[in-house]
1. How shielded is A:356-369 by partner chains, expressed as the average number of their Cβ atoms within 10 Å of its Cβ atoms?
2. For region B:135-170 and region A:262-307, write down the distance between their C-alpha centroids in whole Å.
3. Order B:186-196, A:353-363 from most to least packed using the mean count of other Cβ atoms within 10 Å.
4. Excluding residues on the same chain fewer than 8 positions from B:Lys252, give the aspartates and glutamates whose Cα lies under 18 Å from its Cα.
5. What average count of beta carbons from other chains do you get within 10 Å of the Cβ of residues in A:205-214?
6. Ignoring ligands, DNA and RNA, please state the percent of accessible area on the protein assembly as shown from carbon and sulfur, probe 1.4 Å.
7. Go through region B:213-295 and name the trypsin sites (Lys or Arg not before Pro) that are in a DSSP coil and have 16 or fewer other Cβ atoms within 10 Å of their Cβ.
8. Averaged over peptide B:37-48, how many Cβ atoms belonging to another chain are found within 10 Å of each residue's Cβ?
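The values are calculated or read from the model by the stated rules, or taken from the named source; none is laboratory data. Please read all numbers here as calculations on a predicted model, not as lab measurements. A quick note on method: Cβ atoms are made from the backbone with ideal geometry, for glycine too, and the neighbour counts reach across all protein chains shown. To get the accessible areas, we keep the full protein, side chains included, count just its heavy atoms, and leave off ligands, DNA and RNA. Shrake-Rupley method; radii C 1.70, N 1.55, O 1.52, S 1.80 Å.
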Amino acid sequence: MINQKDLRPKDLGRSDEQLIKLESLMELKAPYDAEGMEPPFTEPKQAWREKYCASLDGYVGIDKLTRPQSKEEEDEFVRKFLRGLEKVFTDANSGVLQPFLLSFEYCAKCNTCSDACHIFKATNSNELYRPIFRSEVLRKIVKKHFTKSGKLLGSFVGADIDVNWETIARLGELAYRCNLCRRCAQTCPLGLDNSLLAKEIRKVFSQEMGIAPSPLHEKGTVNQLKTGSSTGITKPVLLDTLEFLEEDIEELYGLKIKFPVDKKGADILLTHNAGEYMAWPENPIAFAILFEEAGLNWTLSSEMIGYDNVNYGIWYDDAQAKKIALQQMKAAKDLGVRRIIIGECGHAHKAAAVVADRMAYGEDKIPVESCLPLLWDLVKSKALKFDPSKNNFPVTLHDPCNVVRQMGIVQPQRRILKEICPDFREMTPHGVDNYCCGGGSGFAIMNSMNFAEFRNKISARTKFDQILGAFQDTIEQVEPPKYVCAPCSNCKGTIRDILEYYQATEKFNVHYGGLVELMVNALVSMKKPFFEFLE
Amino acid sequence: MSLSILAYLAIILFLGLSAYKAYKYAKMPLHGRMELYPVPKEQGHEYGGSYFEEVEWWNKERKVNHMAELIDMLKEMLFIKKLFDNQRPLWWLSYALHLGIYLLIAWTVLLIVGGLTLLAGGQVSPSSGIWGALIFYLTAFTGLSGLVLATFGSAMLFLRRIFDDTLRKYTTPQEYFNLALLYCATVSGIFVWINDLTFSTAREITANLISFTPFEVSGLLIAHIVILFIMFTYIPLSKMSHYVGKYFSFHKVLWENEPNLRGSAMEKKVEQALARRSTNSWSAPHISGQAPAEE
């Protein structure tokens, strides 16, 4: 094991059982600055070390990356990776070639990006998580194997790394220690993007070697393409679920609402992250209440993939991303809707509106909008009547990276909160400068082995600290309840987990949820609170 | 004569190789969108907003503020603003080097203008009229300040990389070489011109180089011109050509958010890009369609 301070990119191939051990983390704000407020680190099981790649930092993110049983398997693994890596530079990768080559070629190693990274910050500047560390390993491998200068001049140009199973497997794991939030790219004086290199590593593993975390691949995109949803919800299950929700709405709030499904020619096709139906049904319920009260002409789809707007492919596999995006477009086109409105799911926003924007053209493309401007429009136009005093408790807003930094949707959600929440306070920093929740790029759903600990303690640490910061005036009092508004399913999942991990709900009455729930809670027409914690 | 050829060749190679590099990047296939906000050409760029903040954005006239984009680009080019904002200690050193280089480019242009003035029978001196005096003083100012700043900047960046524990881990010998080359070019310049602080001899030599007129040269001058030749040829081949890359990374990646709307020029580009078939393909079973051997 190396002291992280001495760690260099070329050390990635060393034979240590574990390259570094995490011990020091950023101190959290009160009351979590006190001894014993945070669960301690756990040791990885020996069985995991033997089966998977736990040799990076002791965590296992890729449950499909198993150790070879023979020298032949080991060699084949290295050969496949190098073959895939070579393809990254070819027309097999044309959709990203220019941005990738720029980031690959031009890094001046000025190290400006490091301070922007929430993971680097959370680990008290641990060398392993420095944004350029991973990028530099990749450059060294490429130089060593694919460039004339590397072959002729070797270490003079940085081609000084041993490329073996351990190097590549650790690099694969390391690609899953970055949330792909792109905050570092905002600060780069040359406009380069380390997350792009991390994603290309993930792609080589998936697209060439067939290795990806199963929550993203087998249980994610493959499941979605097979059943219609990454949750496994099929059309009959969806229809049953909607029926249950209608009953719940009537029973709980005395409202008779019928979810419009497959309404041909509707103005709006509303798409949700199907995980909402299972984990946070109050979110699709809240949308339905708002849309019905505002009299919108909207529908849900029950067709294949039309009812699940997630697209995990954008985190690790371009081919899977494209298959899903095209299927989602087809669902909208078949319904003949005028526009698609993406519900509160950040990566679905980016996948449908930005990533998929150049995957089709002409009549196959239905305009895609975020739900946030539409919701603000309903508030601004007074189509809905609110009583802000119903939301009279501290509320802060988490900015999902995909919606804010990567789409520029900054103000609508704030304007709504300022209208309906008298005690709204911003996190620091916020808007396009926000920190990732720590669940970005798949971390929110990756729970294999001990990966949840990495998320809760490290990748989500900065966000938890921001939440504490936003509520510093009341955090140590149980009353009033405090609410983290996170208009994104993956962010909600991450925040749910950190609130539980740090027992912040139990001890300090900190709650989380989406934006539409706050809106419904403040509706004049609602006879009782929408939130259980207010009852 | 051979020095003239070398000087011309250095400039031709520098411009030609840089242009070729830009051409290669420009010819790359249309990539997926990867914009990152704030995007300066957006109307709400002050806080990082975009057209996606509008209901039915696709139905509305797109407002693009090219002037704001130009201003942001100039701030980056002229002042390296992102470094100034995010890493001030390094900015002082890096900006010294870059400002020094800009001044030396201006100095070179002024030497050529001065040389041409001499060849045309004019004079360049404090007492030779407005034109001659202007060229005289500007040449002296840009040359002296450029040499000092570029030498200081390259030396300090070199030393910072050696003495900073973090940077040292990531710096390859080639990257030290890059800074050392810049340093040698400016230091050899200082040695050559140390006795010619008004650059009058430099101007005469430039006139001789332009007109292919033989002149007496010192060993030091030959060494300086050879180093310059190596530097000008090497820069576009190395990552010091980030003056090319930076344009693309900002304009064509981070600030490129052109939507693919019905009937737009972008739609045409997308159609063409999607029609293109790649010669390489990925091998994982879910892409190639082949079942894995062990399943």
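1. Numbers: counts 3, 9, 13, 5, 5, 13, 6, 1, 0, 7, 1, 7, 4, 6.
Mean number of neighbouring Cβ atoms from other chains: 6.
2. That distance is 60 Å.
3. Ranking the peptides B:186-196, A:353-363 by packing returns A:353-363, B:186-196.
4. A:Glu105, A:Asp193, A:Asp357, B:Glu35, B:Glu42, B:Glu69, B:Asp72, B:Glu76, B:Glu267
5. 3
6. Values: 19080 of 32920 Å².
Answer for the protein assembly as shown: carbon and sulfur cover 58 percent of the accessible area.
7. Details: sites: B:Lys239, B:Lys246, B:Lys252, B:Arg262, B:Lys268, B:Lys269, B:Arg276, B:Arg277; in loops: B:Arg262, B:Arg276, B:Arg277.
Those that pass, being in a loop and sparsely packed, are B:Arg262, B:Arg276, B:Arg277.
8. 4
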